[in-house]
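Trainee: One structure is given below, represented as structure tokens, and several questions about it will come after.
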Amino acid sequence: MKQRVTIIGATSGIGRALTVEMHERGYVVGATGRRLERLEELRNQLKTNIHIQYMDVAELDDAINQLDQLKKDMGGLDIIVLNAGVSNYQKESVGRQADLHVIDVNVRGFANLASYSFNLFEEQGYGHIVGISSVASLFGWGLNIPYNASKSFVNTYLQGYRQKANHSDADISVSTILPGFVESEMTDGKKDLFWVQETEKAAKQIADAIERKKNEAFITKRWQLVGWLVKMTPNWIWNRM
Ligand SMILES: NC(=O)c1ccc[n+]([C@@H]2O[C@H](COP(=O)([O-])OP(=O)(O)OC[C@H]3O[C@@H](n4cnc5c(N)ncnc54)[C@H](OP(=O)(O)O)[C@@H]3O)[C@@H](O)[C@H]2O)c1
């Protein structure tokens, strides 16, 4: 039987490319997002083995009902990719409300679906949770404070669930994906970026990491170097950068 994967946040960038990639690899795909016309476009493009569902992850109870509906339409759920995310890199908007919006989507919206999916997978006896974090999760950064902190939450949250999965009778995998810069609406028009990966190439590497059930994967691999560099930088230097 074909495996069923739902991608949360499939209307643009990484999520959209990953939906197309997983579909090409023979999965039945579920695509969600707020921009329904984009979801309809995707369904028209892929034609078969695709199910779409409107979802705003910040509307917590509605998001659960919508995931349930999508799961019914797809005849079950084997893999969930928690990809929806927002950023305010380079001061698009700053202040309390801007910070809280990032936290509502990237932390509360994320945890709501991750926690629900884990329970669902425990009940059914198997499943795979994939969280799209970021290299930004590895350090605090004055130009994008809530974003980096929100992605750090994703790492720790999933690490906890990975440990819990190891103590569970169910066969549950938990993968944390850490992309560096990738072409998408999030990075569009931003200056000073480097090693920017094409969206489709990033999606292929993420799909490979999912199929290998990797605990953790940097996209691309060389971003791990940045991770090491950050770990080795003393706080007093970091605070002055
Ligand atoms: N691009 C990069 O360089 C980069 C690097 C590291 C990590 N990431 C992570 O990769 C993920 C995808 O980002 P991207 O770069 O592909 O950016 P993007 O093109 O802006 O895509 C963001 C996706 O998230 C969805 N989304 C945003 N707010 C949502 C909400 N409230 N409810 C439901 N869906 C929502 C969007 O769908 P709708 O607007 O239609 O709802 C869209 O499908 C994010 O988690 C991001 O943090 C990106």
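Trainee: What's the carbon and sulfur percent of the chain's accessible surface, probe 1.4 angstrom, rounded to a whole number?
Mentor: Values: 5930 of 12320 Å².
Using a 1.4 Å probe with all protein chains present, the chain comes out at 48 percent carbon and sulfur.
Trainee: Under a crude label model (7 Å from the Cα following the beta-carbon direction), how far is GLU37 from LEU143 in nanometres?
Mentor: Rounded to a tenth, the inter-label distance reads 3.2 nm.
Trainee: Now for a separate question. Hey, what's region 4-238 come to in accessible area per residue, 1.4 Å probe, Å²?
Mentor: On the way: 11480 Å² over 235 residues.
I get 49 Å² per residue for this part.
Trainee: For a quick check: with amide H placed at 1.01 Å from N, whose amide H comes under 5 Å from VAL86's, ignoring anything fewer than 5 positions away on the same chain?
Mentor: Hits under the 5 Å cutoff: ASN106.
Trainee: Another question about this same structure. Determine the order of ILE103, ILE79 by accessible area, beginning with the largest, at a probe radius of 1.4 Å.
Mentor: Reading off the accessible areas and sorting them downward yields ILE103, ILE79.
Trainee: Run down the lysines and flag those whose C-alpha is under 25 Å from the C-alpha of LYS201, throwing out any fewer than 8 positions away in its chain.
Mentor: Cα-Cα hits under 25 Å: LYS2, LYS47, LYS151, LYS190, LYS191, LYS213, LYS214, LYS221.
Trainee: Just flag the trypsin sites (Lys or Arg not before Pro) in region 22-117 sitting in loop per DSSP whose Cβ has no more than 11 other Cβ atoms within 10 Å. Write out the running numbers ahead of the final one.
Mentor: Working: sites: ARG25, ARG34, ARG35, ARG38, ARG43, LYS47, LYS71, LYS72, LYS91, ARG96, ARG108; in loops: ARG25, ARG34, ARG35, LYS47, LYS91.
Here the trypsin sites (Lys or Arg not before Pro) that fit, given the DSSP loop and packing criteria, are LYS47, LYS91.
Trainee: Once each part is reduced to its C-alpha centroid, what is the distance from region 1-66 to region 171-241 in angstrom?
Mentor: Centre-to-centre distance over Cα atoms comes out at 22 Å.
Trainee: Right, here's the next one. Quick one: what are the phi-derived ³J(HN,Hα) couplings along region 231-241, Karplus 6.51/-1.76/1.60 with θ = phi - 60°, whole Hz, x for glycine and proline?
Mentor: Values, residue by residue: 4, 7, 7, x, 4, 5, 6, 4, 5, 9, 6 Hz.
Trainee: Subtracting the Cα-Cα distance from 0.36 nm times the residue separation, let me have the gained length for ARG96 to ARG212 in nm, one decimal.
Mentor: Numbers: separation 116, 0.36 × 116 = 41.76 nm, distance 3.98 nm.
My answer for the length gained is 37.8 nm.
Trainee: Under the Karplus relation 6.51 cos²θ - 1.76 cosθ + 1.60, θ = phi - 60°, what is the ordered set of whole-Hz ³J(HN,Hα) values for region 34-41, x standing for Gly and Pro?
Mentor: Running phi through 6.51 cos²θ - 1.76 cosθ + 1.60 with θ = phi - 60° gives 8, 8, 4, 4, 5, 5, 5, 4 Hz.
Trainee: OK, next. Counting other Cβ atoms within 10 Å, which trypsin sites (Lys or Arg not before Pro) in region 173-203 have at most 16 and lie in a DSSP loop?
Mentor: Working: sites: LYS190, LYS191, LYS201; in loops: LYS190, LYS191.
Filter output for region 173-203: LYS190, LYS191.
Trainee: Amide H neighbours of SER175 under 5 Å, at least 5 residues apart or on other chains, H built in the peptide plane: list them.
Mentor: ILE129, VAL130, GLY131
Trainee: What's the extension gain from TRP195 to ASN235 if we count 0.36 nm per residue and subtract their Cα-Cα distance?
Mentor: Working: separation 40, 0.36 × 40 = 14.40 nm, distance 2.50 nm.
The span from TRP195 to ASN235 would gain 11.9 nm if fully extended.
Trainee: Something else about it: Please list the non-local residues whose amide H lies under 5 Å from the amide H of PHE218, H modeled 1.01 Å from N, same-chain partners needing a gap of 5 or more.
Mentor: Amide H neighbours of PHE218, under 5 Å, 5+ apart: LEU178.
Trainee: Of all chymotrypsin sites (Phe, Trp or Tyr not before Pro) in region 128-198, which ones are in loop regions per DSSP and have a Cβ with at most 15 other Cβ atoms within 10 Å? Provide the component values of the computation, followed by the final result.
Mentor: Details: sites: PHE139, TRP141, TYR147, PHE153, TYR157, TYR161, PHE181, PHE194, TRP195; in loops: PHE139, TRP141, PHE181, PHE194, TRP195.
Answer by residue number: TRP141, PHE194, TRP195.
Trainee: If you plug each phi of region 52-64 into the Karplus form 6.51 cos²θ - 1.76 cosθ + 1.60 with θ = phi - 60°, what whole-Hz ³J(HN,Hα) values come out, in order, with x for Gly and Pro?
Mentor: 10, 8, 4, 7, 9, 5, 7, 8, 4, 5, 4, 4, 5
The values are calculated or read from the model by the stated rules, or taken from the named source; none is laboratory data. Computed from a predicted model, the values in this text were never measured in an experiment. Reconstructed Cβ throughout: ideal geometry from the backbone, glycine too, with neighbour counts over all protein chains shown. Accessible surface is based on the protein model in full, side chains and every heavy atom, while ligands, DNA and RNA are left aside. Shrake-Rupley method; radii C 1.70, N 1.55, O 1.52, S 1.80 Å.
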